[in-house]
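The values are calculated or read from the model by the stated rules, or taken from the named source; none is laboratory data. Given the structure is predicted, the values throughout are model-derived calculations rather than measurements. Using ideal geometry, Cβ is built from the backbone for each residue, glycine included, and neighbour counts are taken over all protein chains shown. What goes into the accessible areas is simple: the full protein's heavy atoms, side chains included, and nothing from ligands, DNA or RNA. Shrake-Rupley method; radii C 1.70, N 1.55, O 1.52, S 1.80 Å.
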Amino acid sequence: MATPDLPRYASVDPPTPPEPSVLRVREPGELVAAVPVLLGFHPRRSLVLIATGGASGRRLGLTLRVDLPPPEHAAPVGADAVRSLLLDAPTGAAVIVVADSAGTGPPHSELVDLVVNALEARSVDVHTVLWTEGTTAGARWACYDPCGCAGVVPDSSATPFAAAAVAGGRVVRGDREELEQLVAPADPERIRRREMLLIRAVDDALDGSDPDAAVGTGTVDATAAIDSAMVDAGGGRLVLDDARVLALTAALAVPAAREAALLRCIGPAPVAAEQLWTALVRETPDPEAAEPAVLLAVSAMLRGDGALANVALDRAEQAWPGHRLAGILRPVLLGMRPEEIRALLRGRVQRDPGAGPFPRQRRTVRRNRRSA
């Protein structure tokens, strides 16, 4: 059964000028054109819910997407999506279905009715309910209401909201698969070579020492390795060769250094931190790739980018099934705004500097799983 992507917010703290959420979306076609800006990619076969609020009741807030379910799963998928949207305490909402119309009527009417009724039962004004063939220019859209409203999606460059968002640095990808490529392994042969190097290093260490010391890196050295790589990432000179990937993998296996890395996401160089996590998740073998993937998810959510956070968490869970922090983060991040996540990280450290913001992941130790 489909579950909602982590949400994306129209604006985050601190804002990136020009602030797109203060610009007016003048008609339904412009709202459809804004959807890929809000999500970070052009959705396909999706249910998209947009929370609205503020003094006017129409200020864009949380945007949530879920794959369109088969009819037998419409009720639980719709209920789950509504619960997720209500976490933003909206006063209003827009409901958009992205799908081809099969037959004479609008698509997925049963799902839409379930969602609209559930939102209205919670006193949320569902002011926009429509479907669209797609979110690119020229795609047809139409209302579910009997008003007969219909039109085509305008070119996003001609809409104030989308144009300002792109000018402000937002990136819109062609689809979710394109987003997933950001966390996909870079080169299978290189990843395989590094996996064998990791296996050999751990096996050698286990043959003659305490397994807990197998990574062979102290907290100070581990944190220094992470900080050095961040500086290089921020300066555009990061090189992830075998030695450095192994060193960073070892560093992120040290609990205190891993917690320090998490706090770098809210440090003075969050862009450099995110650049490092993005590069490292592509260059690290499984299951160790889960660690930078989780860090990338946190960085993305701090920018309000739920789509990237979602694919990063998917990558972490794929690399390391049962990864404790990845499992904790998804429901936690789903219900929190970026500024709340930032406050959680800062507040936890201020209360107990040695505790870390989240429960620690139990270390696992590699052993050579293959025979020659």
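Take region 50-72 and flag every residue that is of a type outside the set (A, V, I, L, M) and surrounded by 15 or more Cβ atoms within 10 Å (Cβ to Cβ). 52, 53, 58, 59, 61, 63, 65, 67, 69, listed by residue number. Among the residues here, residue 286 does not qualify as open to solvent by 40 Å² or more (accessible area, probe 1.4 Å) and within 24 Å of residue 48 (Cβ to Cβ). Residue 151 meets each of the listed conditions (1) open to solvent by less than 40 Å² (accessible area, probe 1.4 Å); (2) under 20 Å from residue 67 (Cα atoms) apart from (2). Only a single item in (1) farther than 25 Å from residue 80 by Cα; (2) at pLDDT 95 or above is not met by residue 155, and it is number (2).
Kindly provide the set of residues from region 27-54 that are in a strand (DSSP E or B) and closer than 18 Å to residue 124 by Cβ, ordered by number. Those that are in a strand (DSSP E or B) and closer than 18 Å to residue 124 by Cβ: 47, 48, 49, 50, 51, 52, 53.
Sort out for me the helices (runs of 4 or more DSSP H) sitting completely within region 240-352 that have 3 or more residues that are modelled with pLDDT under 90 and closer than 21 Å to residue 182 by Cα.
Here the list reads 306-319, 324-334.
Out of all the residues in region 216-234, is one or more modelled with pLDDT under 95, open to solvent by less than 20 Å² (accessible area, probe 1.4 Å) and out of contact with any Ser or Thr (no Cβ under 7 Å at 6 or more places or on another chain)? Checking region 216-234: at least one residue is modelled with pLDDT under 95, open to solvent by less than 20 Å² (accessible area, probe 1.4 Å) and out of contact with any Ser or Thr (no Cβ under 7 Å at 6 or more places or on another chain).
Close contacts from region 249-263, counting a first residue that is more than 17 Å from residue 320 (Cβ to Cβ) and a second that is among the aromatic types (Phe, Trp, Tyr), with Cβ to Cβ under 9 Å and a gap of 6+ residues or different chains, come to 259/358.
Screening residue 257 with (1) farther than 15 Å from residue 295 by Cβ; (2) buried (at least 22 other Cβ atoms within 10 Å of the Cβ) gives one miss only, at (1). Out of 2, 33, 81, 89, one residue alone is closer than 28 Å to residue 299 by Cβ, in contact with a Leu (Cβ under 7 Å, 6 or more places away or on another chain) and either open to solvent by 60 Å² or more (accessible area, probe 1.4 Å) or modelled with pLDDT under 95 (or both). It is 81.
Within region 105-127, residues that are modelled with pLDDT under 95 and surrounded by fewer than 19 Cβ atoms within 10 Å (Cβ to Cβ) reach partners that are assigned to a loop (DSSP other than H, G, I, E, B) and among the aromatic types (Phe, Trp, Tyr) with beta carbons closer than 8 Å, at six or more positions or on different chains, in the pairs 106/144; 109/144.
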